[in-house]
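So the structure is just underneath, and the comments pick up after that.
The values are calculated or read from the model by the stated rules, or taken from the named source; none is laboratory data. The shown structure was predicted, so the numbers you read here are calculated from the model rather than taken from an experiment. Using ideal geometry, Cβ is built from the backbone for each residue, glycine included, and neighbour counts are taken over all protein chains shown. Accessible surface areas use protein heavy atoms only, side chains included; no ligands, DNA or RNA. Shrake-Rupley method; radii C 1.70, N 1.55, O 1.52, S 1.80 Å.
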Amino acid sequence: MIRNNRIYRNNEVIWETPEDQSLPDFLRAAYDHFSGQYPKFHKMDHLSKLGWLAAEVLLQHRPFTGYAPEQVGLVLANRSASLDTDLRYFDSIKDFPSPALFVYTLANIVMGEISIRHGFKGENAFFTSDTYDEGLIMGYTRQLLYEGAVSAVLCGWVEVMGSAYEVILHQVEK
Amino acid sequence: MRNVYVAADNIFSPLGSTTAENFAQVCNGQSGIRLHDDPAFAPGPFHAAMFAPGQLNMTAFTRFEQMLIRSVQQVLDQGNIDINDGRTAFIVSTTKGNIELLEEQGNPAMAEMELFHTARKVATHFGYTADPIVVSNACISGLLAILTARRLMLSGRYDQAIVTGADVLTKFVLSGFQSFQAVSPEPCRPFDAERKGVTLGEGAATVLLTTREAGIRVGAGAVTNDANHISGPSRTGAELGYAMRQALKGTGLTPSDIGFVSAHGTATMYNDEMESKALHLAGLLDRPVNSLKGYYGHTLGAAGLIEAIIGMRALQQDTVIPTLGFETLGVSQPVLINNQITYKPMQHFLKTVSGFGGCNAAMVFSK
């Protein structure tokens, strides 16, 4: 879980910065602390950075091991889809539309970034709702596991809009 | 085990307001793609499949919302359907929803652009009181929405589902594809040697799914991620190929059971090439393949729905729709693409889609 510039694992704060630190500065500091080894991070939008970081925090501690790439899936949701980046891209249109921003104007790109980082090739689904609908996310995840579509899933909520953000990520295995 | 069927469907597009109208136009080789010259969308002329002015005229709703409403209404008009029985899902598929408001209003209320907010507004219009489900997963959204409905119905959560999807052609999306140099200067030519990129479109489509036996059976589906690049497809096609094989396996079929493959076929160099490799890896090179992008353009979050519905009609009429714009094969694998309409008896077809973020989906439909 990432909230108020605090990163939690299993409900314990494992790293934090002052609450008044800006989101870009917080993300940069967290990257330096937890990784520092993945330059592609700097090209990502805030949504992808948040999801990437949360996946890093969970999987460094307890990796998904013993699964074929196609056996690991991602099921994520949020409220604002990619609206945070949409506004930035729309601003760029006035001068010169930025392909580097445009590619992040889809909510599911965060799943692409996590998949590239960890080599996950299984099921993907991105939903949007007002608040974290755990019933939907867990219900869909359970059905994926039950059908045998995947054996392990990273699922949860990755939201950002302006300076407001929240990440809740779970590892679920069969 | 439960089965899921399609009880009713609609396509609301520049080619028509019902599935029957759309299917007739497609069979006649009619395309919705026209040359437009409108500075509100792009500095120069561009090809696109867009609604004619006046086709969308409900003032209380945005263009996006009207497209969904018109499509869902037409499905509900086909029968006595209670969507408020607590056992019906209302699923909306879109990539950009009301993004047009940024262009129209400059500084719109953020809530109006939230996909869920918009989906609830549309669901409420039909008296639906539970929360709708919104799927926003790039260009696989429409097919993934059908697959999501099937899965939630098989899990026992729902007995019925309205699955609707739409995307509007906007300056936002057109400028983005143009910034990638991905927009074709002529109507798109899927799988052709001279293909020069995508042509965009807009439209909506809806299916009513039920667990009671009806016309088309919704088979298994699968989603994969390339884990390779966020804006370019897999170099090998292995991941889409895997999704195809999983969809066949989950339905208990082999490649020879497939009457035709309704491919994504966006007409970009890389996409069509990747698909040809995936078809090879899935053992589908001797099955007829088509792309409907030459009729509709790329309708993004609606594409999977529109193309699946055309596929269902084609299946029922033992028809393989030609690939409009195709002349000479321009991919590395010998894919069976045709620009003439053909007829043959068949029981199943496979629908596939791929999108940004490296996502792929494949799904079987049977009669």
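What helices (runs of 4 or more DSSP H) completely inside segment B:244-340 contain at least 3 residues that are farther than 24 Å from residue B:8 by Cα and not polar (S, T, N, Q)? Step through it out loud before you land on a result.
Values: elements: B:269-281, B:293-296, B:303-316.
Correct list: B:269-281.
Looking only at residues in segment B:126-148 that are assigned to a helix (DSSP H, G or I) and touching a helix residue (DSSP H, G or I) at 6+ places or on another chain (Cβ under 6 Å), the one that is nearest to the other protein chains (Cβ to nearest Cβ) is B:141. Considering the conditions (1) touching a Ser or Thr at 6+ places or on another chain (Cβ under 7 Å); (2) assigned to a loop (DSSP other than H, G, I, E, B), residue B:83 is excluded by exactly one of them, (1).
For residues that are of a type outside the set (Ser, Thr, Tyr) and in a loop (DSSP other than H, G, I, E, B), scanning just segment A:53-70, find the one that is most open to solvent (accessible area, probe 1.4 Å).
We begin by selecting, within segment A:53-70, every residue of a type outside the set (Ser, Thr, Tyr); these are A:53-64, A:66, A:68-70.
Now drop any that are not in a loop (DSSP other than H, G, I, E, B), which leaves A:62-64, A:66, A:68.
Values: A:62: 113, A:63: 73, A:64: 27, A:66: 83, A:68: 48 Å².
Ranking the qualifying residues of segment A:53-70, first place goes to A:62.
Write out, first by first residue and then by second, each pair whose Cβ atoms fall under 7 Å of each other, whose residues are 6+ apart or on separate chains, and whose first residue, in segment B:257-277, is open to solvent by 30 Å² or more (accessible area, probe 1.4 Å) while the second is of a type in the set (A, V, I, L, M, F, W, C). Matching pairs, first to second residue: B:268/B:182; B:268/B:198; B:273/B:331.
If we only count helices (runs of 4 or more DSSP H) wholly inside segment A:71-154, which ones have 3 or more residues that are in contact (Cβ under 8 Å) with a residue 12 or more places away in the chain, open to solvent by 40 Å² or more (accessible area, probe 1.4 Å) and at the interface with chain B (Cβ under 7 Å from one of its Cβ atoms)? Show your work before the answer.
Working: elements: A:83-93, A:99-102, A:109-118, A:134-147.
Filter on segment A:71-154 gives an empty set.
Only one entry of B:206, B:211, B:224 meets the criterion of being surrounded by fewer than 24 Cβ atoms within 10 Å (Cβ to Cβ), closer than 30 Å to residue B:152 by Cα, β-branched (Val, Ile, Thr) and at pLDDT 95 or above, and that entry is B:211.
Within segment B:30-69, count every residue that is assigned to a helix (DSSP H, G or I) and either in the same structural domain as residue B:267 (by the TED database) or touching a residue at least 24 places away in the same chain (Cβ under 8 Å) (or both).
Kept after step one, since they are assigned to a helix (DSSP H, G or I), are these residues of segment B:30-69: B:63-69.
Then keep just the ones that are either in the same structural domain as residue B:267 (by the TED database) or touching a residue at least 24 places away in the same chain (Cβ under 8 Å) (or both); that gives B:63-65, B:67-69.
Number satisfying all stated conditions: 6.
Say we look at segment A:20-48 and pick out the residues that are over 17 Å from the mean Cα position of the chain (by Cα) and closer than 17 Å to residue A:161 by Cα; which of these is most open to solvent (accessible area, probe 1.4 Å)? Selected residue: A:20.
Is segment B:83-96 home to any residue that is charged (D, E, K, R), touching a residue at least 60 places away in the same chain (Cβ under 8 Å) and within 11 Å of chain A (Cβ to nearest Cβ)?
Restricting attention to segment B:83-96, the residues satisfying the condition of being charged (D, E, K, R) are B:85, B:87, B:96.
Still in the running and touching a residue at least 60 places away in the same chain (Cβ under 8 Å): B:85, B:87, B:96.
Still in the running and within 11 Å of chain A (Cβ to nearest Cβ): B:96.
Checked segment B:83-96: at least one residue is charged (D, E, K, R), touching a residue at least 60 places away in the same chain (Cβ under 8 Å) and within 11 Å of chain A (Cβ to nearest Cβ).
So, of the residues in segment B:97-114 that are assigned to a helix (DSSP H, G or I) and touching a residue at least 12 places away in the same chain (Cβ under 8 Å), which turns out to be nearest to residue A:80 (Cα to Cα)? It comes out as B:113. Checking the stated criteria, residue A:172 turns out to be hydrophobic (A, V, I, L, M, F, W, C), part of a strand (DSSP E or B) and without any contact (Cβ under 8 Å) to a residue 60 or more places away in the chain.
Within segment B:239-253, being under 27 Å from residue A:105 (Cβ atoms) and either within 7 Å of chain A (Cβ to nearest Cβ) or open to solvent by 10 Å² or more (accessible area, probe 1.4 Å) (or both) holds for one residue alone: B:239. Filtering segment B:341-357 to residues that are hydrophobic (A, V, I, L, M, F, W, C) and part of a loop (DSSP other than H, G, I, E, B) leaves B:341, B:346, B:356. Scanning segment B:1-29 for residues that are in a loop (DSSP other than H, G, I, E, B) and under 20 Å from residue B:342 (Cα atoms) yields B:28, B:29. Among the residues of segment B:339-365, the one identified as of a type in the set (A, V, I, L, M, F, W, C), over 25 Å from residue A:125 (Cα atoms) and open to solvent by 30 Å² or more (accessible area, probe 1.4 Å) is B:341.
Only one of the numbered conditions (1) among the small types (Gly, Ala, Ser); (2) without any contact (Cβ under 8 Å) to a residue 60 or more places away in the chain; (3) touching a strand residue (DSSP E or B) at 6+ places or on another chain (Cβ under 9 Å); (4) within 26 Å of residue A:123 (Cα to Cα) is violated by residue B:130, and that is (4).
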